[in-house]
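So the structure is just underneath, and the comments pick up after that.
Here, each number is a calculation from the coordinates, and none is a lab measurement. This is a predicted model, so every value here is computed, not measured. Virtual Cβ from ideal backbone geometry, glycine too; neighbours counted across all protein chains shown.
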Amino acid sequence: MKNTERPITWLVPFSSLLRLEHGAAAAMAPEAVVTEEEVIIVGAGQSGLAAAACLSLRGVRSLVLERDDCVGSLWRKRAYDRLHLHLAKKYCALPHAPHPDDAPTYLPRDDFARYLDGYAARFAVRTRLRREVRSARYDPVAARWEVEAVDLATGNAERYAARFLVVASGENDERFVPEVPGLEAFPGEVMHAVDYRSPKGMRGKAVLVVGFGNSGMEIAYDLAAAGAVTSIVVRGEVHLVTKEIWNVAMALYPYLPLWIIDKLVLLMSAVVFGDTAQHGLRRPAMGPFTMKDTTPAYPVFDVGTYAKIRAGEIRVLPAAPKSVRGNVVEFEDGERHPFDAIVFATGYRSAVRRWFKSEDGLIGNDGMAARRYPEHWKGENGLYCAGMVRRGVYGSGEDAELIAGDISKLLHPEEEQANTGKPGHAHRNGY
């Protein structure tokens, strides 16, 4: 079927993007009137924006509460300069807004940030920025969700109520840095990957990257390419692939069993990389696509890092840091090496459990979806979660369509029945 949806325009002025709501939830005492909404969405990242857009297209009013001062803050404020999306653009478009034909196959960070800005503007997503949610609980008597937030610009408390609540704050909420005795006295620069932008000023310096996911591997490459003496900690097993190999796997996913896709991916990877274990990158026994389908683990997309490892420009260290004394880091295997800077690419943690006060089995103790795909997105009493099973941009869009369809069916059952089968109402498979 021919795609009749218009590609979204990227270069939308940021000042014209958002309809920031004012007035109704100004500073209020605890007894003040509560702001009533049909749907409250927590988080204005890709998942929250997609949910709001899909609801809007079905005539359902929603309000997005966002802690930061912009939409898509992960891409605008917490990603390094050289970042490009690892999947082809057709897998990285939100519902009803394909990327333009002339867009790069693998979008740069800034292009995707502009895409999210334009998406919010195009679908008139209602947001209240700099709102930090402090509590969300279900009131069974009133049959509604009660949400308490703080306006970070003024410090004023705000209260909201809605029949439906969508948790869309994602997994990349707050940085995680492991405890390493002596780290606080390290004389050089210490940062988390969230603060890393470029290798400026690192030339000739000995830099340790802790963490071997996509961020760690790409930051290590960035540093080495700029002339830093780079080491990376790789403790566990990792599947190394190229973007092209993975996109072949994505294309085959609807048609072949996972075990066949795994064998094809491993065969192609062997041709491209050879035996990565010889250079400290041991592959797991579980195949890469099966692992992605059944666990939170994702393969590492090589951007040139492996060639630098083979050439000796990046040193692989097999043990985690144990302690720090001065500028010397001691590792768990007893090795000691001096460094001028340390970058922790050790991931993030969800902070949902700090404010989410319901217990119905939808949100796990780690703040992510407690149930596996595809049963993960809907809870009880009008509770939903979007983008909480680590399925990327494509998964955010799929969740949004499911949530919007379900809420619309509950609010307007006759209209939703008539719309079944129209564009925007189909279940989409994939990653």
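Couple of notes before you dig in:
- Helix 258-273 axis, angle to the chain major axis (alpha carbon atoms, nearest 10°): 40 degrees
- Between helix 243-252 and the chain: long-axis angle, C-alpha atoms, 0 to 90°, nearest 10: 50 degrees
- Set of the range 35-52 residues, backbone N closer than 16 Å to the point 7 Å along the Cα-Cβ line of residue 154: 35-36
- Here's the list of lysines a cross-link from residue 409 could span, going by alpha-carbon distance under 18 Å and ignoring same-chain residues fewer than 8 apart: 378, 422.
- Dimensions in Å of the range 175-348 - Rg and Dmax from alpha carbons: 16.9, 55
- Straight-line cross-link partners of residue 263 among the lysines, defined as a Cα under 27 Å from its Cα and at least 8 positions apart when in the same chain: 89, 90, 243, 292, 308.
- Cα lying deepest toward the dipole's positive end in the range 175-348, options 327, 252, 201, charges on Cβ: 201
- Order of 221, 255 - criterion: other Cβ atoms within 10 Å of each residue's Cβ, fewest first: 255, 221
- Theoretical FRET efficiency, 1/(1+(r/R0)^6), r = Cβ-Cβ of residue 320 and residue 406, R0 45 Å, to 0.05: 0.55
- Cβ-Cβ distance of residue 270 and residue 183, R₀ of 60 Å, FRET efficiency by 1/(1 + (r/R0)^6): the value works out to about 0.95.
- Residue-span extension gain [residue 255 to residue 172] - 0.36 nm each, minus C-alpha spacing: 26.7 nm
- Straight Cα distances below 15 angstrom link residue 322 to the aspartates and glutamates 179, 184, 330, 332, 333, 335, with same-chain residues fewer than 8 positions distant left out.
- Taking θ as phi - 60° and the Karplus parameters 6.51, -1.76 and 1.60, the scalar couplings of the range 316-324 work out to 8, 10, x, 10, 6, x, 9, 7, 10 Hz in sequence order, x denoting glycine and proline.
- Only helices enter this figure: runs of n ≥ 4 DSSP H residues, each worth -39500 (n - 2.57), summed and divided by the residues of the chain, yield -8000 deg cm²/dmol at 222 nm to the nearest 500.
- For the pair residue 366 and residue 102, a Förster radius of 51 Å applied to the C-beta separation gives a FRET efficiency near 0.80, rounded to the nearest 0.05.
- A full extension of the chain between residue 142 and residue 195 corresponds to an added length of 14.8 nm, given 0.36 nm per residue minus the alpha carbon distance.
- Mean Cα-pair separation over length for the range 175-348, i.e. relative contact order, pairs under 8 Å, 6 or more apart, %: 40 percent
- Dimensions (Å) - the chain, Cα atoms, principal axes, largest first: 63, 53, 41
- Crossing angle, helix 392-411 versus the chain [Cα axis fit, 0-90 degrees, rounded to tens]: 20 degrees
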